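Worksheet: the structure to be examined is printed underneath.
The values are calculated or read from the model by the stated rules, or taken from the named source; none is laboratory data. Not measured: the values here are computed from a predicted model. For neighbour counting, all protein chains shown are included, and Cβ atoms are generated from backbone atoms with ideal geometry for every residue, glycine included. Each accessible area value is taken on the protein alone, full model and side chains, heavy atoms only, with ligands, DNA and RNA left out. Shrake-Rupley method; radii C 1.70, N 1.55, O 1.52, S 1.80 Å.
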Amino acid sequence: MPRHAERKFIPYTPEQLFDLVADVGKYPQFLPWCVGARVRSQTETELVADLTIGFGPFRESFTSRVALKRPDQVRVTYENGPFRYLNNQWDFTPRDGGTDVGFFVDFEFRSRMLQAAIGVVFHEAVRRMVNAFLKRARDVYGPPLPM
C-alpha cells in the first residue's frame, strides 16, 4: 500500500544513472537497509536478484526480476518473498546538463506487523534511498560538471 512517485533533475547522464540503478549487486555498499544482494542471473535486458533488507528487528529476503531497457528504464517486479506485491520503476530522460529521473515504488508486505512498521517511516525511507543513489553518483562519477 505504500506508494511513492517523484521526478527530479539529476546532473548526470542517463547512461551513468542507469548503470548505478542496474548494478544491484553493489546495493549493500550504499543503500540504506540493504544488507545483502546476490544476482542469480543476468543478461543485457534482464536480471534476477535476491535482496535482503533489514530495519530494526526485521530482516527479510526477496527475489525480484529486473527489466533493463538501456539507457531509458529499469523496471522491477516481484518474484518471491515477504511481499504481496512490489513494483518499482526508474525512468531516465535526457535533458541539457543531465537527466530527468522518474522514480516510482509501490508495495505491500504480507505481514501486517511489517506493513505497520514500514508505514511509519516509509516516506523518510524513500527519501533516504533516493539520496543514497545521488550520493553514489557523486562518489562514482565525481561532482557534476557546472552548466
Are any of the residues in the range 7-21 assigned to a loop (DSSP other than H, G, I, E, B) and either over 14 Å from Val101 (Cβ atoms) or free of Cβ contacts under 8 Å to residues at least 12 places away in the same chain (or both)? no
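Can you pull out the residues in the range 30-42 that are more than 20 Å from Phe58 (Cβ to Cβ), of a type outside the set (Lys, Arg) and without any contact (Cβ under 8 Å) to a residue 24 or more places away in the chain?
Our first condition is that a residue be more than 20 Å from Phe58 (Cβ to Cβ); within the range 30-42, this holds for 30, 39-42.
Still in the list and also of a type outside the set (Lys, Arg): 30, 39, 41-42.
Once the filter is applied, which keeps residues that are more than 20 Å from Phe58 (Cβ to Cβ), of a type outside the set (Lys, Arg) and without any contact (Cβ under 8 Å) to a residue 24 or more places away in the chain, the range 30-42 yields Val39, Ser41, Gln42.
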Could you please tell me which pairs satisfy a Cβ distance under 8 Å, a separation of 6+ or placement on different chains, a first residue in the range 55-81 that is touching a residue at least 60 places away in the same chain (Cβ under 8 Å), and a second residue that is part of a loop (DSSP other than H, G, I, E, B) and surrounded by 15 or more Cβ atoms within 10 Å (Cβ to Cβ)? Phe55/Trp33
List the residue pairs whose Cβ atoms are under 8 Å apart, where the first residue sits in the range 98-120 and is part of a helix (DSSP H, G or I), the second is open to solvent by 40 Å² or more (accessible area, probe 1.4 Å) and modelled with pLDDT under 80, and the two are 6 or more positions apart or on different chains. Leu114/Phe58; Gln115/Met1; Ala117/Gly56; Ala117/Phe58; Gly119/Met1
Among the residues in the range 4-18, are any under 14 Å from the mean Cα position of the chain (by Cα), open to solvent by less than 70 Å² (accessible area, probe 1.4 Å), among the hydrophobic types (A, V, I, L, M, F, W, C) and on the phi < 0 side of the Ramachandran plot? yes
For Lys26, the lone unmet condition from (1) under 25 Å from Arg138 (Cβ atoms); (2) open to solvent by less than 50 Å² (accessible area, probe 1.4 Å) is (2)
Can you name every residue in the range 90-112 that is surrounded by fewer than 17 Cβ atoms within 10 Å (Cβ to Cβ), of a type outside the set (Asp, Glu) and touching a strand residue (DSSP E or B) at 6+ places or on another chain (Cβ under 7 Å)? Thr93, Arg95, Gly102, Phe104, Arg110
Taking the range 19-52 on its own, how many of its residues are within 12 Å of the chain's Cα centre (by Cα) and of a type in the set (A, V, I, L, M)? 6
Which residue is modelled with the lowest pLDDT, if the candidates are limited to the range 53-81 and must be crowded, with 17+ Cβ neighbours inside 10 Å and either among the β-branched types (Val, Ile, Thr) or not in a strand (DSSP E or B) (or both)? Ile53
Mind telling me which of the residues Ala49, Ala125, Ala137, Ala132 ends up being in contact (Cβ under 8 Å) with a residue 24 or more places away in the chain, open to solvent by less than 60 Å² (accessible area, probe 1.4 Å), among the small types (Gly, Ala, Ser) and touching a Gly at 6+ places or on another chain (Cβ under 9 Å)? Ala49
Would you say Thr93 is in contact with an Asp or Glu (Cβ under 9 Å, 6 or more places away or on another chain) and modelled with pLDDT of 85 or more? yes
